[in-house]
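Quick one: the structure is below, and I'll ask about it shortly.
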Amino acid sequence: MLFSSLVVSSLLAASAFALPSSKERHDARVARRAGGLRQSVPRITNSSHVEYSSNWAGAVYNSAKGTYKSVTATFVVPTPKSSGGGGSQAASAWVGIDGDTCGNAILQTGVDFNVDGSSVSYDAWYEWYPDYAYDFSGITFKAGDSVTLTVTASSTTKGTAVITNNSNGKSVSKSISSSSALCEQDAEWIVEDFEEGNSLVPFANFGTVTFTGASAKTASSSVGPSSANIIDIQQNGKTLTSVSTSGSSVTVSYV
């Protein structure tokens, strides 16, 4: 999320087939605070600015301070599969304001995809870094559900996170305030791998996540992600994702 070692959810399991508890996921999110900034290697491909990152895949806008007030998108919940090696694996899809070039704070909300053997689970969460990430209650997901994520900054220190399951009509929201001010200079649509301790957790094969209706609102207008910077996950010299954008969509595929 904000950092290359940010942990979205704990993949500690009581047994080889146990999914992590809410407390374990929360504890792991707390542990990620010791990490450094997201690591990426810029390169130029087909006249587009593409970056490699160890943990982020998606599209990011970087602009002047005070630019972005809200970020939103809708995606269909995938069925995560093991990418090999066994054990618990995970990925997370989220939208956010800041956390790339602005290291002061980040406002974000998203859904975790967890898989362990044949067991799959999903968790909704929100965060205003440097406070912890918290799980939403009162909302559930299954593969194929349509989900809309939205974060809005009403000021640099106040905002809201909203997740709506369009398939069953459930919606959760949280009003958040923080003494850590947003820069409002980054807007993101991301599928993330994350670290537990000092190493990346196994990255689940999430298939494809397509953020549709993706937009970032400014004080006077809104922009789609078509001209945003593209980020692909690369680990140990291997590229694990393929990202493309259009006028109002960001498609992130596991490869």
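Regarding Lys81, is this residue modelled with pLDDT of 90 or more, over 25 Å from Ile139 (Cα atoms), among the charged types (D, E, K, R) and out of contact with any Phe, Trp or Tyr (no Cβ under 7 Å at 6 or more places or on another chain)?
Taking the combined requirement at face value, the residue does not satisfy it.
Among the candidates Ser121, Ser146, Ser177, single out the residue that is out of contact with any Phe, Trp or Tyr (no Cβ under 7 Å at 6 or more places or on another chain), over 23 Å from Ile231 (Cα atoms) and free of Cβ contacts under 8 Å to residues at least 60 places away in the same chain.
When all the criteria are applied, what remains is Ser177.
Further question: Looking only at the stretch 69-83, which residues are over 17 Å from the mean Cα position of the chain (by Cα) and either part of a strand (DSSP E or B) or crowded, with 21+ Cβ neighbours inside 10 Å (or both)?
Once the filter is applied, which keeps residues that are over 17 Å from the mean Cα position of the chain (by Cα) and either part of a strand (DSSP E or B) or crowded, with 21+ Cβ neighbours inside 10 Å (or both), the stretch 69-83 yields Lys69, Lys81.
Which condition from (1) at negative phi; (2) buried (at least 19 other Cβ atoms within 10 Å of the Cβ) is the one that Gly58 breaks?
(1)
Continuing with this model, one more query. Which condition number in (1) among the β-branched types (Val, Ile, Thr); (2) within 23 Å of Trp128 (Cα to Cα); (3) crowded, with 17+ Cβ neighbours inside 10 Å is the one that Thr210 fails?
If we test Thr210 against (1) among the β-branched types (Val, Ile, Thr); (2) within 23 Å of Trp128 (Cα to Cα); (3) crowded, with 17+ Cβ neighbours inside 10 Å, just (2) comes out false.
Right, here's the next one. Would you please list the contacts, defined by Cβ atoms under 9 Å and residues six or more apart or on different chains, that run from a residue in the stretch 87-100 that is under 19 Å from Thr208 (Cα atoms) to a residue that is basic (Lys, Arg) and part of a strand (DSSP E or B)?
Gln89/Lys81
Then there's this: Just wondering, is there one or more residues in the stretch 135-143 that are within 11 Å of Gln108 (Cα to Cα), in contact (Cβ under 8 Å) with a residue 12 or more places away in the chain and in contact with a Phe, Trp or Tyr (Cβ under 9 Å, 6 or more places away or on another chain)?
Scanning the stretch 135-143, I find no residue that is within 11 Å of Gln108 (Cα to Cα), in contact (Cβ under 8 Å) with a residue 12 or more places away in the chain and in contact with a Phe, Trp or Tyr (Cβ under 9 Å, 6 or more places away or on another chain), so the answer is no.
I would also like to ask the following. Residues that are in contact with a helix residue (DSSP H, G or I) (Cβ under 9 Å, 6 or more places away or on another chain) and touching a residue at least 12 places away in the same chain (Cβ under 8 Å): find the strands (runs of 3 or more DSSP E) completely inside the stretch 211-254 holding 1 or more of those.
Ranges flagged: 241-245, 250-254.
Going residue by residue through the stretch 185-197, is there one that turns out to be among the small types (Gly, Ala, Ser), out of contact with any helix residue (DSSP H, G or I) (no Cβ under 9 Å at 6 or more places or on another chain) and surrounded by fewer than 23 Cβ atoms within 10 Å (Cβ to Cβ)?
no
Under 6 Å between Cβ atoms, which residue pairs at least 6 apart in sequence (or on different chains) link something in the stretch 189-204 that is over 23 Å from Thr72 (Cβ atoms) and modelled with pLDDT of 80 or more with a partner that is outside any loop (DSSP other than H, G, I, E, B) and of a type in the set (S, T, N, Q)?
Taking only residues 6 or more apart or on different chains, the pairs are Pro202/Gln89; Ala204/Gln89.
The values are calculated or read from the model by the stated rules, or taken from the named source; none is laboratory data. These numbers come from a predicted model, not from an experiment. When we count neighbours, we look across all protein chains shown, and the Cβ atoms used for this are built from the backbone with ideal geometry, even at glycine.
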